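Before any comments, here is the structure.
Taken together, the values in this text are just the output of simple stated rules run on the coordinates, not laboratory data. For clarity, every value in this text was computed on a predicted model and none was experimentally measured. Glycine also receives a Cβ, built like all others from the backbone with ideal geometry; neighbour counts cover every protein chain displayed.
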Amino acid sequence: MNAIEVTLALPFAEAEVEVRRALATEGFGVLSEIDVAATFRAKLGIERPALTILGACNPGFAHRGLTADPSLALVLPCNVTLEDAGDGRTRVAIADPRAMFALGDPAHTSADRTLAEEVAAALVRVADRLGA
C-alpha cells in the first residue's frame, strides 16, 4: 500500500495528540478509532506494541468525492495508523489517496485525479507538520 509516512521522536500518546492536531489543521476530523493492540489482547490473548488506526475525514473532500463517485465510500475515511516504533518513537502512516483512487483506471476523470491530488497534498502537509 502506498503511504505517506513519518516517524516521530515522541512516545505514542503524545504522537497521537500531535497527529490529531495536524489533521485538524487541514480540516480532517477523526470519525473512528481502532485500538488494534487492545483488540488482539482481548480477542487473541496476544500482546503487541501499540497500534491504532484513525479514520480521518475532511467533509469537503468527502462530499466532492462521493458526488463524483458514490463507490468512493468503500475507501472512506482515510486511514491513519500510529504504531509504537520503540525507543520513544512513533511511526505514522497515512493511506495515500492517489493509490486508493486507482488513478490509472480510465474510468476516472481528470476531476477525480485533481481531487486525489488535492487530498494527497493536504495529507502530505499533515506529515510535514509532524516531521517539522
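Summing -39500 (n - 2.57) over the DSSP H runs of n ≥ 4 in the chain and dividing by its residue number, what mean residue ellipticity at 222 nm do you reach, to the nearest 500 deg cm²/dmol?
Value at 222 nm, helices only: -14000 deg cm²/dmol.
Fewest Cβ neighbours within 10 Å first, please rank E26, E16, E33, E47 accordingly. Present the calculation step by step, with values, prior to reporting the outcome.
On the way: E26 17, E16 21, E33 12, E47 8.
The fewest-first ordering by Cβ neighbours comes to E47, E33, E26, E16.
Summing +1 for each Lys or Arg and -1 for each Asp or Glu, what net charge is found among the other residues whose Cβ lies under 15 Å from the Cβ of G29? Could the numbers behind the result be given before it?
Numbers: positive: R20, R21; negative: E16, E26, E33.
Spelling it out: positives minus negatives among the neighbours equals -1.
What size of dipole, in debye to the nearest 20, comes out for the chain about its Cα centre when the only charges are +1 on Lys and Arg C-beta atoms and -1 on Asp and Glu C-beta atoms?
Rounded to the nearest 20 debye, it is 120 debye.
Going by C-beta contacts inside 10 Å, put V80, V124 in order with the fewest on the left.
By the 10 Å Cβ count, ascending, the order reads V124, V80.
Pull out a ≥ b ≥ c, the square roots of the eigenvalues of the alpha-carbon gyration tensor of region 24-81, then state rounded if a/c is under 1.5, prolate if not and a/b is larger than b/c, and oblate in the remaining case.
Prolate, because a/c is 1.5 or more and a/b exceeds b/c.
How would the chain be classified by its alpha-carbon gyration tensor: rounded, prolate or oblate, with rounded meaning a/c under 1.5 and the a/b versus b/c comparison settling the rest?
prolate
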